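Chemist: The structure under discussion is supplied below as structure tokens; questions concerning it will follow.
The values are calculated or read from the model by the stated rules, or taken from the named source; none is laboratory data. Every value quoted in this text rests on a predicted model; they were computed, and no experiment measured them. Here Cβ is always computed from backbone atoms with ideal geometry, including for glycine, and neighbour counts include all displayed protein chains.
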Amino acid sequence: MTNLEYSDYVGRLAVGRVSRGRCAPGDPLPVRDRRGGEELKVALLYGYEGLSRTEIPEATAGDIVAIAGMEDVTIGDTISDAEAPRPLPRIAVDEPTVSMVFSINTSPFAGGTGSTSPRDRCAPGFEKELLGNVALRIDFSGTDWFTVMGRGELQLVILIEMMRREGFELSVSRPEVVTKTEGGAVLEPVEALFVDVPDAHLGP
């Protein structure tokens with residue numbers, strides 16, 4: 001599976017390309033490479049026509065499909081034939097690099113643009129986002145706040161805007177770099193960047 005989507009009607013959708021064979025609704029297929037072969041059943045099968053998703057009776061090699069009925073599947077898992085399993089190389093999902101604390105809006109201007117809902121109403125919105133966004137990590141240990149970690153500030157800003165459009169008011173902290181400790185040293189995330197530049201614009 002290379003991507004995840006979510007539908008209010010059928011739940012989590014596993015999106016990927018059929019590399020060999022065929023599958024159809026009702027087929028019991030094991031999910032390999034993470035749980036060692038837990039068998040799940042294809043409830044519904046969707047194909048893509050442009051940007052639209054339509055239900056199809058069968059998928060064959062080369063088709064890009066979305067499979068419903070596999071709630072526990074995640075990016076990198078291989079859905080394979082039980083008789084001849086061939087797990088594909090697992091896709092690694094990059095770890096979060098930036099965190100922000102989301103809390104209930106308790107400022108004097110609270111209630112002006114949305115609902116200052118308690119924690120138990122905000123949590124389902126975050127949990128729903130986690131179903132299709134594997135780059136997010138959320139710490140629910142706080143009583144009236146959440147620590148949300150993502151791949152960058154843009155991803156977190158998009159999440160804030162989505163929550164705002166759903167009618168929630170939230171207070172957010174300044175973004176902080178996510179660090180980890182290895183061998184007694186505190187490490188920060190570093191990414192390698194390669195830029196192709198025409199020779200005429202290259203400096204010394």
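Chemist: If residue 160 passes every condition in (1) at pLDDT 80 or above; (2) surrounded by fewer than 10 Cβ atoms within 10 Å (Cβ to Cβ) but one, which one does it miss?
Modeler: If we test residue 160 against (1) at pLDDT 80 or above; (2) surrounded by fewer than 10 Cβ atoms within 10 Å (Cβ to Cβ), just (2) comes out false.
Chemist: Within the range 166-180, track down each residue that is among the hydrophobic types (A, V, I, L, M, F, W, C) and surrounded by 12 or more Cβ atoms within 10 Å (Cβ to Cβ).
Modeler: 168, 170, 172, 178
Chemist: Kindly indicate which of 132, 111 is at pLDDT below 80, surrounded by fewer than 17 Cβ atoms within 10 Å (Cβ to Cβ) and on the phi > 0 side of the Ramachandran plot.
Modeler: 111
Chemist: So in the range 169-204, with the set limited to residues that are part of a strand (DSSP E or B) and of a type in the set (Asp, Glu), which one is modelled with the highest pLDDT?
Modeler: The extreme case among them is 176.
Chemist: Residue under question is residue 73, and the condition is that it be within 17 Å of the chain's Cα centre (by Cα) and farther than 22 Å from residue 21 by Cα; does it hold?
Modeler: no
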